[in-house]
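Chemist: First, the structure itself, so that you have it in front of you.
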Amino acid sequence: MSDRIAPREAFGKTLVRLGEENPNIVVLDADLAPSTKTSYFRESFPQRFIPVGIAEQNMIGIAAGLSTLGFIPFATTFACFASRRVCDQVTVSCAYPRLNVKIVGGYVGLFVGKNGATHQALEDIAIMRSIANMVVIEPVDATETERVIEFACNYDGPVYLRIGRDPMPQIVPQDYKFQLGRALVLREGKDVTLISSGAMVEDTLKAASLVEKEGIDARVINMSCIKPVDEEIIVKAAEETGRIVTVENHNIIGGLGSAVCEVVAERYPVRIKRIGIRDVFGKSGTNEEMKAKFKLRAEDIAKEVINFVGR
Amino acid sequence: MNKKPVERKKLEEIANRLRIKVVKMIGKSGFGHAGGSMSIAEILTTLYFYELQVDPENPAWEERDRFILSKGHAAPIFYAVLSEKGFIPEDILLTIHHPDSPLQCHPDMRLCPGVEASTGALGQGLSIAVGMALGAKLKGKSFRVYALLGDGEAQEGQVWEAAMSASKFKLDNLLAIIDYNKLELSGKINEVMPLEPLYDKWVSFGWHVIEINGHSFTQIINALDEAKKIKGKPTLIIAHTVKGQGVSFMEDKVEWHAVSMSVDQVKEALKELGCPQEEIELTLSQMKEE
Ligand SMILES: Cc1ncc(C[n+]2csc(CCOP(=O)(O)OP(=O)(O)O)c2C)c(N)n1
Ligand SMILES: [Mg+2]
């Protein structure tokens, strides 16, 4: 297995690489550069690094203005502030006029160091997904993060990127190509389909191995593109495996689980189990403490899958 | 309000103990906001041991003064002063940052006695304080409301919306303090997003403004006394401080905003703060347990 790399590291370095090729890329920071890793861009391109201070709403407005002059602004902060704090600025200044603004939320879901509830973004996907014109992507590992940042630079329109803080193993193939609205089957299976994104994909894959020992053949899908969602891969999973489990680092209301339910309910109703944070606020603690507290360890997921398929 | 004369030496001792507790908490947890805790040791000490009319036996006492730590990330020293005052037992301090602890990374008013508002997303505390001060006026109550903000925090637009409203509502029962330690998370305030002329800005927003050295008990006390005499407008204290004050290797260093501390660093910091040797040993052994 190759080394674990944090998506935020890959994000910071990819911005620098793309910044060398494309002088229109500018990076805005609301006082979190060392954490989001836009500090690399700050070192390489001080002229194109725009610190706005602790002023997220202003940052989104400035990004909107810059985009009208042909710049490709990446507005960066923690995911909680990149969604909740700036919801209306994103909606009206960026998404409504379909401006070319990239909004980047770092430190996602429960996994925010030990910063706790105020800094945990359990609502960002729900918020961003319900804003028309927005694209919402949560890359799973370093390779996918690179591909997704490249995509975001080339795509003309508002994009929300959810970038994880902590190291992840290689999940997608080295030669992986990201396509808007396309998910990736990581593992074939016929008894049940597990759909996940971001940090939870690793535990979901482990859970698939655990249930295999119980004779359950689980398909696993990496649903990095949460909007537009890959309807065909979901319908196919519903048809072929009959049951779907979603696993997300987000409130089960409005996130990946909801997105999958919407497709399944409209197009091919089958039973679904949503695993995630069950409409409660988070807590301070390590990732391991969070997974234990909110029942998101591989063994917790496996147990849920076994109960669900057994019924 | 009748106040006992406070011994300056006693305040100094308390402030020092708060700093020691902060180092122990961060040492044990392996994480914590050090710099912005250290810069407000004297301010919190003076508030809790000279100024605030609060009752640790009855945290919900209706007539109590309200204090809001708007820069919620300075929770370690806030918890330290709450324990010093008797709101929470000292022995829970080392549970900070645990999922089941009342001492979450940012203060939670539903979990921790003495916490008046849940903060941690910067820029929101002063508005809450305005609401409390306005509510006191509407109810004819005489308690006062205090909010402590970071200087980086003062870059948030909401702070200025709150400032505008507080003077419109003539909230002379409201006192805000800015911990002007000249640093935020990513660098120097002056480079990231300058605040100057800060004094003039607040004056133009209709506030009475007092500028002090935020590590001088005499100046803090005088400013608090002066604020009470001001009628018809809110008061702001601009407290010039040093981020990390009291631990030389942290002082004025942006890297010491949120940190983990090595055993050696904890030892060095506790030594400098004059912590007794047995306590240092105990802290180090607790760190190694983790
Ligand atoms: C709205 C919001 N944006 C960003 C953060 C992340 N953050 C935590 S502390 C901090 C820097 C605070 O600087 P300052 O207010 O000067 O506090 P101090 O120097 O006293 O630590 C930042 C950006 C936050 N908590 N809230
Ligand atoms: Mg500061």
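Chemist: Looking at (1) small (Gly, Ala, Ser); (2) within 14 Å of chain A (Cβ to nearest Cβ); (3) open to solvent by 40 Å² or more (accessible area, probe 1.4 Å), which is the only condition residue B:60 fails?
Modeler: Going through (1) small (Gly, Ala, Ser); (2) within 14 Å of chain A (Cβ to nearest Cβ); (3) open to solvent by 40 Å² or more (accessible area, probe 1.4 Å) one by one, residue B:60 breaks only (2).
Chemist: What is the residue count in the range B:21-74 for residues that are more than 12 Å from the chain's Cα centre (by Cα), of a type in the set (A, V, I, L, M) and in a helix (DSSP H, G or I)?
Modeler: Qualifying residue count, the range B:21-74: 4.
Chemist: Tell me the residue from B:198, B:171 that is of a type in the set (A, V, I, L, M, F, W, C), crowded, with 18+ Cβ neighbours inside 10 Å and farther than 19 Å from residue B:68 by Cβ, please.
Modeler: Every option except B:198 fails the conditions.
Chemist: Could you say whether any residue in the range B:72-82 is of a type in the set (Val, Ile, Thr), touching a residue at least 12 places away in the same chain (Cβ under 8 Å) and within 16 Å of ligand 2 (Cβ to nearest atom)?
Modeler: Within the range B:72-82 (the criterion being of a type in the set (Val, Ile, Thr), touching a residue at least 12 places away in the same chain (Cβ under 8 Å) and within 16 Å of ligand 2 (Cβ to nearest atom)), the answer is yes, since at least one residue qualifies.
Chemist: Only one of B:271, B:231 is outside any helix (DSSP H, G or I) and farther than 30 Å from residue A:32 by Cα. Can you tell me which?
Modeler: B:231
Chemist: Suppose we keep only residues that are of a type in the set (Asp, Glu) and over 18 Å from residue B:129 (Cβ atoms) within the range B:35-71. Which one would you say is farthest from ligand 2 (Cβ to nearest atom)?
Modeler: Of everything passing the filter in the range B:35-71, B:57 is farthest from ligand 2 (Cβ to nearest atom).
Chemist: Taking the range B:49-74 only, how many residues are closer than 20 Å to residue B:181 by Cβ and more than 11 Å from ligand 1 (Cβ to nearest atom)?
Modeler: Count: 2.
Chemist: Follow-up question, since we're still on this one. Within the range B:167-213, how many residues turn out to be on the phi > 0 side of the Ramachandran plot and touching a His at 6+ places or on another chain (Cβ under 9 Å)?
Modeler: Matching residues across the range B:167-213 total 1.
Chemist: Residue B:135 fails exactly one of the following numbered conditions: (1) without any contact (Cβ under 8 Å) to a residue 60 or more places away in the chain; (2) more than 14 Å from chain A (Cβ to nearest Cβ); (3) within 20 Å of residue B:47 (Cα to Cα); (4) surrounded by fewer than 19 Cβ atoms within 10 Å (Cβ to Cβ). What is the number of that condition?
Modeler: Condition not satisfied by residue B:135: (3).
Chemist: Which condition number does residue A:209 fail, the rest of (1) touching a Lys or Arg at 6+ places or on another chain (Cβ under 8 Å); (2) assigned to a helix (DSSP H, G or I); (3) open to solvent by 20 Å² or more (accessible area, probe 1.4 Å) being met?
Modeler: Result: residue A:209 fails condition (1) only.
Chemist: Among the residues that make up the range B:90-103, is at least one of them crowded, with 24+ Cβ neighbours inside 10 Å, part of a loop (DSSP other than H, G, I, E, B) and at negative phi?
Modeler: Within the range B:90-103 (the criterion being crowded, with 24+ Cβ neighbours inside 10 Å, part of a loop (DSSP other than H, G, I, E, B) and at negative phi), the answer is yes, since at least one residue qualifies.
Chemist: Follow-up question, since we're still on this one. What are the residues in the range A:78-117 that are in contact with a strand residue (DSSP E or B) (Cβ under 9 Å, 6 or more places away or on another chain) and on the phi > 0 side of the Ramachandran plot, if any?
Modeler: A:107, A:109, A:113
Chemist: Does residue B:78 meet the test of being assigned to a helix (DSSP H, G or I), within 14 Å of the chain's Cα centre (by Cα) and either among the aromatic types (Phe, Trp, Tyr) or surrounded by fewer than 19 Cβ atoms within 10 Å (Cβ to Cβ) (or both)?
Modeler: It is true that residue B:78 is assigned to a helix (DSSP H, G or I), within 14 Å of the chain's Cα centre (by Cα) and either among the aromatic types (Phe, Trp, Tyr) or surrounded by fewer than 19 Cβ atoms within 10 Å (Cβ to Cβ) (or both).
Chemist: Take the residues in the range A:272-311 that are over 23 Å from residue B:103 (Cβ atoms) and in contact with a Cys (Cβ under 8 Å, 6 or more places away or on another chain), then tell me which one is farthest from the other protein chains (Cβ to nearest Cβ).
Modeler: A:272
Quick grid of which residues meet (1) closer than 25 Å to residue A:202 by Cβ; (2) more than 14 Å from chain B (Cβ to nearest Cβ):
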{"site": "A:17", "(1), (2)": "no, yes"}
{"site": "A:22", "(1), (2)": "no, yes"}
{"site": "A:41", "(1), (2)": "no, no"}
{"site": "A:49", "(1), (2)": "no, no"}
{"site": "A:53", "(1), (2)": "no, no"}
{"site": "A:68", "(1), (2)": "no, yes"}
{"site": "A:72", "(1), (2)": "no, yes"}
{"site": "A:76", "(1), (2)": "yes, no"}
{"site": "A:79", "(1), (2)": "yes, no"}
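Chemist: For the range B:145-189: of the residues being within 10 Å of ligand 1 (Cβ to nearest atom) and polar (S, T, N, Q), which is farthest from the other protein chains (Cβ to nearest Cβ)?
Modeler: The selected residue is B:181.
Chemist: Could I ask something else about it? Can you find a residue that is within 15 Å of ligand 2 (Cβ to nearest atom) and either open to solvent by less than 10 Å² (accessible area, probe 1.4 Å) or within 14 Å of chain A (Cβ to nearest Cβ) (or both) anywhere in the range B:5-28?
Modeler: Looking through the range B:5-28, none of the residues is within 15 Å of ligand 2 (Cβ to nearest atom) and either open to solvent by less than 10 Å² (accessible area, probe 1.4 Å) or within 14 Å of chain A (Cβ to nearest Cβ) (or both).
Chemist: Go through the range A:48-65 and report how many residues are in contact with a Gly (Cβ under 8 Å, 6 or more places away or on another chain) and not small (Gly, Ala, Ser).
Modeler: Residues flagged as in contact with a Gly (Cβ under 8 Å, 6 or more places away or on another chain) and not small (Gly, Ala, Ser) within the range A:48-65 amount to 5.
Chemist: Give the residues of the range B:143-181 that are within 13 Å of ligand 2 (Cβ to nearest atom), assigned to a loop (DSSP other than H, G, I, E, B) and touching an Asp or Glu at 6+ places or on another chain (Cβ under 7 Å), sorted by residue number.
Modeler: Correct list: B:151, B:152, B:181.
Chemist: Filter the range A:64-112 down to the residues that are of a type in the set (A, V, I, L, M), surrounded by fewer than 22 Cβ atoms within 10 Å (Cβ to Cβ) and in contact (Cβ under 8 Å) with a residue 12 or more places away in the chain and list them by number.
Modeler: A:66, A:99, listed by residue number.
Chemist: Okay, next question. Could you tell me whether the range B:245-253 includes any residue that is surrounded by 21 or more Cβ atoms within 10 Å (Cβ to Cβ), at positive phi and either polar (S, T, N, Q) or away from ligand 2 (no atom under 13 Å from the Cβ) (or both)?
Modeler: yes
Chemist: Output the residues belonging to the range B:235-256 that are away from ligand 1 (no atom under 14 Å from the Cβ) and in a strand (DSSP E or B).
Modeler: If the condition is that a residue be away from ligand 1 (no atom under 14 Å from the Cβ) and in a strand (DSSP E or B), then B:235, B:236, B:237 are the ones that fit.
Chemist: Something else about it: Filter the range A:85-105 down to residues that are outside any loop (DSSP other than H, G, I, E, B) and within 14 Å of residue A:68 (Cβ to Cβ), then give me how many there are.
Modeler: The total comes to 2.
Chemist: Within the range B:218-233, can one find any residue that is within 16 Å of ligand 2 (Cβ to nearest atom) and within 20 Å of the chain's Cα centre (by Cα)?
Modeler: Within the range B:218-233, not a single residue is within 16 Å of ligand 2 (Cβ to nearest atom) and within 20 Å of the chain's Cα centre (by Cα).
Chemist: Can I ask one more? Quickly run through the range A:115-155 and pick out the residues that are farther than 17 Å from residue A:98 by Cβ, open to solvent by 10 Å² or more (accessible area, probe 1.4 Å) and more than 14 Å from every other protein chain (Cβ to nearest Cβ).
Modeler: Scanning the range A:115-155 gives A:126, A:127, A:142, A:143, A:146, A:147, A:150.
Chemist: Of all residues in the range B:29-41, which are within 14 Å of chain A (Cβ to nearest Cβ) and within 16 Å of ligand 1 (Cβ to nearest atom)?
Modeler: B:31, B:32, B:33, B:34, B:35, B:36
The values are calculated or read from the model by the stated rules, or taken from the named source; none is laboratory data. Because the structure is a prediction, the values reported are computed rather than measured. Cβ atoms come from the backbone with ideal geometry, glycine included; neighbour counts cover every protein chain shown. All accessible areas refer to the heavy atoms of the entire protein, side chains included, with ligands and DNA or RNA removed. Shrake-Rupley method; radii C 1.70, N 1.55, O 1.52, S 1.80 Å.
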